[in-house]
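Scroll down for the structure; my scribbles are underneath it.
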Amino acid sequence: MPSSYLEGSYLKLATSGVQQLTPYQPGKPVEELERELGISGSIKLASNENPLGPSSLAVDAIKNLSSVINYYPDGGGFDLSNKLADKHDVDISGITLGNGSNDILELVTRAFLTPEHSAVFSEYSFAVYPIVVQAVGAKANIAKAFPEDHATMPLGHDPEALLSQIDDSTRIIFIANPNNPTGTWLTPSVLEGLFDHIAKDIIIVLDLAYTEYMAEDIKPPIKQWLEKFPNLVVTQTFSKVYALAGLRIGYSISSAEIADVLNRVRQPFNTNMLAQAAALASLDDNEHVVKSVQMNDKGKEFLQKAFTEMGLLHLPTMGNFISINVKQDGLALYQKLLKKGVIVRPVANYAMPEYLRITIGTQEQNERFIETLKQCL
Ligand SMILES: *Cc1c(COP(=O)(O)O)cnc(C)c1O
């Protein structure tokens, strides 16, 4: 006799890591907010998307392929991988494409972690790290971040704290640079010093989702580091400055050996045809990248000045977003802003209950946000 269904039975059947998972909370889509409140003309500064939209070359590339999507994509994504290898001056054998760079984070985790293993990352770092680590039942060793009153990098990664969390079970260390949701960063010399102290049997995942927005003199020298650190996996994405978040495409650069490992666990067609083509075309539009970064720099200056004038503590940032301490319940303020058609990101799920993270928008969006924020405070 089959036993009868009891509420919660299937959750109990899930692996213990999965049972303890809290699903990732994405930024609220504009359509959802407008449907719920019956309003229009809202703006979304919640998910670090590029407000300029994609390159027209990417849009054309997608249009040109729309009639051949009956075919499977190139599983290895040769053309895109080849172009990425050129761009970074590395061998194609080290490139792995992912369905967003999140896919790569998951591949690394599935390939290298078991319930006997641990991964190290900092407090206030990217929400996907604990999710992928827990999903495989592995342990998260969380390092203390710098304190809020730190002179230069409040809430930023503390290299010594990260090292102190490494133990015999550690197989992966995740470092986002700049970090999301804080925007904080480590300089190349500090990062390299950190890597020097990490054993070669620990995979270093250096998440560079926002690297294009960084000041030129502190951009990590990827090629040089890949030659020096065989345990390094650098991840990058087309979701941020390349403005293809909706397509889901990212990649990693590593040694050929690690790429081979990742290739064994990835789905045969993990990246789709349209995403590959749009990413490939986007790489030809450097002007769009430059324009996006310039707009971001200007917007950053405008917002930081406004926050300072309002007496709001804002974290230093090298990304396309700024996190601010609103000195009240961030979730409540977020709700107030929502009612006025402005979507930002509460970060209580990152253990930052008094903070909001604001994506830097167009000048018009930034002005509207500041005006609305002043009304709500
Ligand atoms: C946005 C972001 C990513 C990108 O994720 P995709 O899956 O490529 O869209 C990766 N890492 C961090 C830290 C991010 O903030």
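The values are calculated or read from the model by the stated rules, or taken from the named source; none is laboratory data. On a predicted model such as this, the values are computed, not experimentally measured, just so you know. Using ideal geometry, Cβ is built from the backbone for each residue, glycine included, and neighbour counts are taken over all protein chains shown.
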Only one of these is under 30 Å from Ile198 (Cβ atoms) and touching a residue at least 12 places away in the same chain (Cβ under 8 Å): Ala243, Ala306, Ala256, Ala278. Name it. Ala256
If Thr96 satisfies every condition in (1) away from the ligand (no atom under 16 Å from the Cβ); (2) touching a residue at least 40 places away in the same chain (Cβ under 8 Å) but one, which is the exception? (1)
Among the residues of the range 241-286, which ones are part of a loop (DSSP other than H, G, I, E, B), farther than 15 Å from Leu57 by Cα and acidic (Asp, Glu)? none
Just to be sure I understand the filter: pairs with C-beta atoms under 8 Å, separated by 6 or more residues or on different chains, first member in the range 143-171 and surrounded by fewer than 19 Cβ atoms within 10 Å (Cβ to Cβ) and basic (Lys, Arg), second member modelled with pLDDT of 95 or more and in a loop (DSSP other than H, G, I, E, B). Which pairs pass? Lys144/Glu123; Lys144/Asp158
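Here's the yes/no breakdown for (1) touching a helix residue (DSSP H, G or I) at 6+ places or on another chain (Cβ under 7 Å); (2) not assigned by TED's automatic domain parsing to the domain that holds Lys219:
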{"site": "Glu34", "(1), (2)": "no, yes"}
{"site": "Ser40", "(1), (2)": "yes, yes"}
{"site": "Ala46", "(1), (2)": "no, yes"}
{"site": "Ser66", "(1), (2)": "no, no"}
{"site": "Phe78", "(1), (2)": "no, no"}
{"site": "Lys83", "(1), (2)": "yes, no"}
{"site": "Lys87", "(1), (2)": "no, no"}
{"site": "Ser101", "(1), (2)": "no, no"}
Out of all the residues in the range 245-265, is one or more under 16 Å from Gly53 (Cα atoms), at pLDDT 95 or above, in contact with a Ser or Thr (Cβ under 9 Å, 6 or more places away or on another chain) and surrounded by 21 or more Cβ atoms within 10 Å (Cβ to Cβ)? yes
Listing of helices (runs of 4 or more DSSP H) fully contained in the range 116-223 that carry 2 or more residues being of a type in the set (Val, Ile, Thr) and within 14 Å of the ligand (Cβ to nearest atom): 128-135
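Residue-by-condition table, conditions (1) in the same structural domain as Lys298 (by TED's automatic domain parsing); (2) on the phi > 0 side of the Ramachandran plot; (3) of a type in the set (S, T, N, Q):
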site	(1), (2), (3)
Ser9	yes, no, yes
Lys12	yes, no, no
Gln19	yes, no, yes
Gly27	yes, no, no
Ile43	yes, no, no
Ala61	no, no, no
Candidates Ser81, Ser66, Ser47 - the one that is within 13 Å of the ligand (Cβ to nearest atom) and either within 28 Å of Glu287 (Cβ to Cβ) or in contact (Cβ under 8 Å) with a residue 12 or more places away in the chain (or both): Ser47
Within the range 252-269, tally of residues that are touching a helix residue (DSSP H, G or I) at 6+ places or on another chain (Cβ under 6 Å) and under 29 Å from Ser66 (Cβ atoms): 2
